Structure formats: structure tokens, C-alpha cells
Amino acid sequence: MPQVKIIAKNFMDMVASLPAIKLDLLYRNQFICEAILRSLPPLAKKYVLQMLYIDIPITSKSLQEWLLADGSSKHKVAIDRLIQLRVFEVIDRKKETTYKLNSTFQTNLRKHMISGGILPREPIPQSVTARLPTSEELDAYAHEQWECFLLQLISSGQAKKSTSFSSSMMRIFQRGLLRQRDKEAPRLTESGFQFLVCIMKLMALLPLFCVCGLMDPYTDKLNEGKIEIGSLSWPLYLNWKTLMQLFFCHFVARLFILCSDFHVLVQEQGVDQADLIAFLLELSFHTPGEAYSLDTLTDDQTTMIKDLADLGLVKLQKGRKESWFIPTKLATNLSVSLTDSSSRKQGFVVVETNFRMYAYSSSKLHCEILRLFARVEYQLPNLIVGAITKESLYNAFENGITAEQIVTFLQQNAHPRVAEKIPSVPENVTDQIRLWETDLNRVEMTPAHFYDEFPSRDVFEAASDFARMHNGLLWEDAKKMRMVVMAEIHMLMREHLRGQNK
Amino acid sequence: MPEKCGLIDIPMAQFIVNLNASLPAAHKFIIHVLDSTHFFVQPDVAGMIRSAISEFRDQNSYEKPT
């Protein structure tokens, strides 16, 4: 099955890419409707709310009358998004486009607004659960699970504790993110590397905020002032929650998109993709830190919850009679959809012009990532020393990692002391990385066919234009009237030439 | 059977011509020399050409003994 190359930027994009039938099924769940509503751009939210109780379609002209003069680009973005998510249904009638809210969505959102949305489960009272993990313990657990999982991804031998990931989970990731050749340890593919880099970007944000004293990780409050996130004036704080959630979004998006087999696999387990999304979104409305009984889950959900626990989304615990799960902050922030935050992050890599690399980090994950393309020489408590060599780069290229990715990674993670310099990574290093990559690809081969002995120049020129139109012309010699055409259009070419002969 | 057209830089092209010349007549793979950077070759030699190139590249690199 070919890998799907669309990279959804977040969970909502991925939801938007589901087929219409699935989306309609999803909209039967009130929580999903609310989650989708929250994820919309502000103008789109306004439109949805205004049309919530209107049953007849509204012409797009009247919609535009609601706008101020400078709002037309935002209007377009909002409308596109609504159509993409199939919240708006477009009805073309006699040259006038009209919009109507998706009826399932409309009904359920109305219900949700009136009834307030009651979760299918109540938290278990304290008397049964005794001592629940504190907020810090939960966060530490989630973080640990997540790092463990990422380490597992890169190098199966190195994770500190043996993970109990179900084989199907590992298969999913291995298909999309790792590649395993016979008898070798699994290695990362290009998309896997991209994924890792993305995660790293986001994880790197965490220590910055804690260290700067800007954020108290335990109470999730910014010490100074407030920042408004999203359009609704949530009393939100740019905080650990949202950051973790950001990278979780990326993770889930890639989980579904990169591994187009996931759908198949998920169905192998008998779990429908839409159900999984529905469950994840429902989870996001639970209170983190509260225990919910496992008995309230459907069979499908019980299958899923084990894997979610391995990823740090929930924590499973057993009491004397009951077992329950506790959602962590990773899970509860799924419905918050933010645009990519552009905050500066703390880099840690210094690259010198002699190709030596110093990475001020103690994270195993960082070490593994650097090992992918550089030769790590020493590892000190707070420093990783390495060198970028031809052999290490060839290794990386063989795994499908491109020079561009490596250079971007180095530039984006440049240590603050060098980050201000232009360029943050020495040019001789970046140039050499690119040169080494092209060195591997000095010869390019394409299956092709050779044509010569054309009866006349006109026929030759017609044929050459034909080939060019189909993007199939590889080489031609006008003087000797010879040309080489891609094998893919060979059949078309033959027919064209036969046509010419008549 | 589609034959392959190679796009190469000039030094590499020379290398390939030499490689072709060094092989016995039965194994010669260049069908047409199109110009200084393009060749039309037999279909199944791609792997062989690439391994010859990588051997050539390895001969040109020095790795410090660790």
C-alpha cells in the first residue's frame, strides 16, 4: 500500500480528511461536535453559532454581508475550513451558492448546548480508589512513557525498561516510521526522522518555560500575565498542557496519516478508525487526574485503552474489585487545537567549521537522534561530543534521511550562543553535507525508449512536442533526428506516430 | 524491454565509457552514446553500474584507521 504523503498539521486536519460517511458518523457524538467547534478559526465559529438555529440555507452573499471590508481573506479561510470538515453543506441553486449546516452536526450541537454534555461515565469516588496519583506524578508518568516510546522507536535495544507495546502498535510504527532490513535492527525512515524532529521541536519547548520561571509546571499558570490562545477567551495559559498537546496532535496525525496501513491494522483488531477518533476526542473532555471505571468502556475502547496507556495518555490502575483508568493531560488536551506556536525554543547544538559537533543535552533521545547522522564520540553528563563525517552521513542517506532535513535540524536546534550568528551552522558544513548527498546520486537512470530514423523533420518535431507535452522527453538531437522518451509514454508515442503515418 | 537512459556528469561519463570498454563483448552495455552526459544502455545493468561507481568512490576515500 503506498504511503500517504499528506502531512496533516494537526489532529483536526486529519479528521477533516476522513470520508464523508465517517464524518457523519463522528458528528453523532456530541463531544466531537464541540471539539470540532473549538478547533475552528474564530470567524468560522461565529458562522456556525449564528447558523445553529437557522434551518433554511443561507446564500453566500448574505454571509458576506456580515463581513467588514478587510475580512474577506479570513472569510475565505473560514468557509474553506467549514466545507472541508463538512460542517457546511454547499447547495448550488440557480447560480447562487447557499450554505447549510450539516444536519447531524446541527442537531447534536444544539443538544449539547442545551444539555451541557454529560460524559458517559462518572469519576469513581475516592472511597474506592484510595490514593490517586498526584498531578506531578501523572505528568511524570506521561512524559516517561512518551520518551520511552520514542526511544523504542529509534533503537530497539536502548529503552530503559522493556515496553509492553502491543505487537500491533509496534507494527504500525515500524511500517511507517521504521524500516527493517533482514537481520538488522530497525532503523528510521525519512518520515520517521521528520516525525522525530517535529516531536523534538515541541518537547524542547518544555524546559524553556520551566527554566525561565515563566511557568509553574505544577499549577499550569503563567507567572506573569495571561496569553490568549485560540480565539475564545479561554483563561488559558501557554503552558505545559498545551505544549504536550501540540506534539500529541502531531503524533496522532502522523499515526494515522503516515501509516496508511494503520487503518487496515486497526480494522484487523476490529476497531474502526472513526471509533478511535471518537474515543480520543471523548477522552479529551474528561478531567485529568480523576479515575474512571474500565467497565464503562465498550469492547473496542477497552482494546484501545491498553495502547493508549503505553503512550502515556492514560494510566491504568487496579483496585481490589475494580480497575480504572486515569486520563493524563496528554489526553485531555486533544480538543484544543492551536496554530503552530512560533515561540523560540532552546537549541543545544553547536557545529564547528571543523565538522565537530557539541550538543549540550543529557537526553538519550537527543543522543540517538544525533547518532543517526553523526559519529558520537564522547558522552559527558551534560554534553555530547561528536563529529559529522562522510561515513555517518552516508549511513543517514542510506536510511532515507535527506541532507536538507539534517541541515534544517541543525539550524533549528542551534545553541543560543551560535543561533544569533548568521549562518547558525557554518556554510562549509552545510555545503559539504549537500555535496556528499549529491555524490551518492551522480548517475540518474530512467527506463526509456530510443527513437530514430524519422521520415521527415516535421514528424520529428511533432513527436518531440508530443513527448514534451507529456513530460516524457528525456533527450533529443535535432540534427540527427533522434530522441529518447520515457518508457511510461511509449505506448502513447507509438499511437501518435501511427497516427502521423496515415 | 525498456532500456535505460543515464544522466551523468562528464567525469562519470568517462568512467562509464571505460567500464564499458573493459568488459568483454558479450557484456558491453552501452547501446548509444547520446552525448557527453547521456547514454542509452541495456536495461539490467543499473545495479552493476551503481556498484561499480560506489567501488570507485570508496577507492577515492580515505578513512582514518580507528
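The values are calculated or read from the model by the stated rules, or taken from the named source; none is laboratory data. This is a predicted model, so every value here is computed, not measured. Reconstructed Cβ throughout: ideal geometry from the backbone, glycine too, with neighbour counts over all protein chains shown. For accessibility, only protein heavy atoms count, side chains too; no ligands or nucleic acids. Shrake-Rupley method; radii C 1.70, N 1.55, O 1.52, S 1.80 Å.
Look through B:A13, B:A46, B:A52 and report the one residue that is closer than 30 Å to A:A387 by Cα and surrounded by 15 or more Cβ atoms within 10 Å (Cβ to Cβ).
Numbers: B:A13 fails: closer than 30 Å to A:A387 by Cα; B:A46 fails: closer than 30 Å to A:A387 by Cα.
Only one candidate qualifies: B:A52.
Of all residues in region A:352-377, how many are assigned to a strand (DSSP E or B) and more than 14 Å from chain B (Cβ to nearest Cβ)? Residues meeting the conditions: 4. I'm checking my understanding of the structure. Among residues of region A:391-417 that are surrounded by fewer than 17 Cβ atoms within 10 Å (Cβ to Cβ) and within 14 Å of chain B (Cβ to nearest Cβ), which one is farthest from B:N60 (Cα to Cα)? Top of the filtered list is A:E398.
Between B:L19, B:L34, B:L7, B:L23, the distinction of being in contact with an Asp or Glu (Cβ under 6 Å, 6 or more places away or on another chain) and surrounded by 11 or more Cβ atoms within 10 Å (Cβ to Cβ) belongs to B:L7 only.
Every condition in (1) of a type outside the set (G, A, S); (2) open to solvent by 30 Å² or more (accessible area, probe 1.4 Å); (3) under 29 Å from A:L473 (Cβ atoms) holds for B:K64 except the one numbered (3). Is there a residue being open to solvent by 50 Å² or more (accessible area, probe 1.4 Å) and of a type in the set (S, T, N, Q) anywhere in region A:93-102? Within region A:93-102, none of the residues are open to solvent by 50 Å² or more (accessible area, probe 1.4 Å) and of a type in the set (S, T, N, Q).
Where strands (runs of 3 or more DSSP E) fall entirely within chain B, those with at least 3 residues that are within 10 Å of another protein chain (Cβ to nearest Cβ) and more than 11 Å from the chain's Cα centre (by Cα) are at B:3-7, B:30-35.
B:N60 falls short on exactly one of the conditions (1) without any contact (Cβ under 8 Å) to a residue 12 or more places away in the chain; (2) touching a His at 6+ places or on another chain (Cβ under 9 Å), and that condition is (2). Listed conditions (1) more than 14 Å from chain B (Cβ to nearest Cβ); (2) closer than 30 Å to B:S54 by Cα; (3) assigned to a strand (DSSP E or B) are all met by A:R434, apart from (3). Pairing residues of region A:275-303 that are farther than 27 Å from A:F105 by Cα with residues that are open to solvent by 40 Å² or more (accessible area, probe 1.4 Å) and charged (D, E, K, R), at Cβ distances under 6 Å and at least 6 apart in sequence or on separate chains, gives A:S293/A:E322. With the condition kept exactly as written, say whether any residue in region A:438-459 is away from every other protein chain (no Cβ under 12 Å) and under 33 Å from the mean Cα position of the chain (by Cα). No, every residue in region A:438-459 fails to be away from every other protein chain (no Cβ under 12 Å) and under 33 Å from the mean Cα position of the chain (by Cα).
Just checking, does region A:124-133 include any residue being at pLDDT 80 or above and within 31 Å of the chain's Cα centre (by Cα)?
No, there is no match, as no residue in region A:124-133 is at pLDDT 80 or above and within 31 Å of the chain's Cα centre (by Cα).
If you filter region A:464-493 down to residues that are assigned to a helix (DSSP H, G or I), more than 13 Å from every other protein chain (Cβ to nearest Cβ) and out of contact with any strand residue (DSSP E or B) (no Cβ under 7 Å at 6 or more places or on another chain), you find that the one that is most open to solvent (accessible area, probe 1.4 Å) is A:M469.
Filtering region A:35-89 to residues that are among the charged types (D, E, K, R), closer than 23 Å to A:L18 by Cα, open to solvent by 40 Å² or more (accessible area, probe 1.4 Å) and assigned to a helix (DSSP H, G or I) leaves A:R38, A:K76, A:D80.
Does A:N399 satisfy the criteria of being farther than 24 Å from A:Q346 by Cα and in contact with a strand residue (DSSP E or B) (Cβ under 7 Å, 6 or more places away or on another chain)?
yes
Scanning region A:444-460 for residues that are buried (at least 16 other Cβ atoms within 10 Å of the Cβ) and not in a strand (DSSP E or B) yields A:F454, A:F460. Filter region A:29-79 down to the residues that are of a type in the set (F, W, Y) and farther than 23 Å from A:L283 by Cβ, then identify the one that is modelled with the lowest pLDDT. Restricting to residues being of a type in the set (F, W, Y) and farther than 23 Å from A:L283 by Cβ, the top hit is A:W66.
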